[in-house]
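Worksheet for the structure shown next.
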Amino acid sequence: MFLLNLVRFVPARFASRRQVPFFLLALGLLFPGLSDARPQEVKSSLTREQSREAQKRMKNREKLLAHVRSRVATVPLTPEQKRNEAEQKRLIRSKNREMLAMHARWQPGRFGGSDALWMPLPEELAQEKLSPKAAASLRVVIERLKKQLGKPYVWGGQSPGEGFDCSGLVFYAWNHVLNRKLPRTANGMYEDKHLKSVRQERLRRGDLVFFNINQRPGADHVGVYLGDGQFIEAPRTGLNIRISQLSDDFWQSHYLGARRILTEDAVL
């Protein structure tokens, strides 16, 4: 009302061009938000719009990155990559078990006067029933076998100096700790009535595993089970003594059976 009255009663002589700036200045002082209300509103609207656009761009970028990551993660391995990966895992397991085999508490028994320090693997729980004497014999046999790794296959061989064939390796590793000597051939060991037959799912370290490879009757190949699904063998001419995986398709397709040597009355 005051503004209206002021405008209504301004004399004509004061409404000159010189007084217009003063009049506008008075209006600005009386209503400070009148001049800049619209620019602020436009600026705020632009800021919100820019923020929404930035959020949309970020979401689109995240979707693209997730799509790229999913494509990389689902690329299948080539057969060669699968074989290399499996071989690396096998070598790591073999190395770890060799290192453990050197440890004084690798076998269950009374080491250092305390059995509580020994924590057996689940597949070897049955070995807890072994006497200290039998456990020590098994440890010696495994160590003798592993010392032959990398030596050449020699048909008829049965000593570290000349090399080994499959049954010669078993003959060499076991006979020095047994009361009764093993037969010399793989089929002779397989047919030995003094050795206990063992199912594959009940295998434990030291058991003999037999195969029929040449399709002739009986066993023509033998190895010694090391635990963890592995066995040591002298394969054939041109190859060296090695550790193999019993679960491989080749060995499963030629698997014949298993025999247990180690009993309480078998060792010296």
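The values are calculated or read from the model by the stated rules, or taken from the named source; none is laboratory data. Given the structure is predicted, the values throughout are model-derived calculations rather than measurements. Glycine gets a Cβ as well: all are built from the backbone with ideal geometry, and neighbour counts include every protein chain shown.
Quick one: how many residues across region 204-225 are modelled with pLDDT under 95 and within 24 Å of the chain's Cα centre (by Cα)? Residues in region 204-225 being modelled with pLDDT under 95 and within 24 Å of the chain's Cα centre (by Cα): 2 in total.
In this structure, Q158 does not qualify as touching a residue at least 40 places away in the same chain (Cβ under 8 Å) and touching a strand residue (DSSP E or B) at 6+ places or on another chain (Cβ under 7 Å).
Filtering region 186-211 to residues that are in a loop (DSSP other than H, G, I, E, B) and small (G, A, S) leaves only G206.
Name the residues in region 212-244 that are touching a residue at least 24 places away in the same chain (Cβ under 8 Å), part of a strand (DSSP E or B), buried (at least 16 other Cβ atoms within 10 Å of the Cβ) and among the polar types (S, T, N, Q), would you? Scanning region 212-244 gives a single hit, Q230. Looking for something at pLDDT 50 or above, among the aliphatic types (A, V, I, L, M) and surrounded by 16 or more Cβ atoms within 10 Å (Cβ to Cβ) - is there at least one such residue anywhere in region 89-97? The answer is no; no qualifying residue exists. From the list Q148, Q81, the one residue that fits, being modelled with pLDDT of 80 or more, within 32 Å of the chain's Cα centre (by Cα) and among the polar types (S, T, N, Q), is Q148.
Looking at R259, is it out of contact with any Cys (no Cβ under 8 Å at 6 or more places or on another chain), under 14 Å from V141 (Cα atoms), surrounded by 15 or more Cβ atoms within 10 Å (Cβ to Cβ) and touching a residue at least 40 places away in the same chain (Cβ under 8 Å)?
no
Only one residue in G206, G157 is among the small types (G, A, S), within 30 Å of Q88 (Cβ to Cβ) and surrounded by 16 or more Cβ atoms within 10 Å (Cβ to Cβ). Which one?
On the way: G157 fails: within 30 Å of Q88 (Cβ to Cβ).
Result: G206 is the single residue among G206, G157 that is among the small types (G, A, S), within 30 Å of Q88 (Cβ to Cβ) and surrounded by 16 or more Cβ atoms within 10 Å (Cβ to Cβ).
Listed by first and then second residue, the pairs with beta-carbon distance under 7 Å, at least 6 apart or on different chains, first residue in region 166-188 and of a type in the set (S, T, N, Q), second assigned to a helix (DSSP H, G or I), are S167/A186; S167/M189; T185/S167.
Taking F171, is it out of contact with any Pro (no Cβ under 8 Å at 6 or more places or on another chain), within 21 Å of E143 (Cβ to Cβ) and either crowded, with 21+ Cβ neighbours inside 10 Å or of a type in the set (S, T, Y) (or both)? Yes, satisfied.
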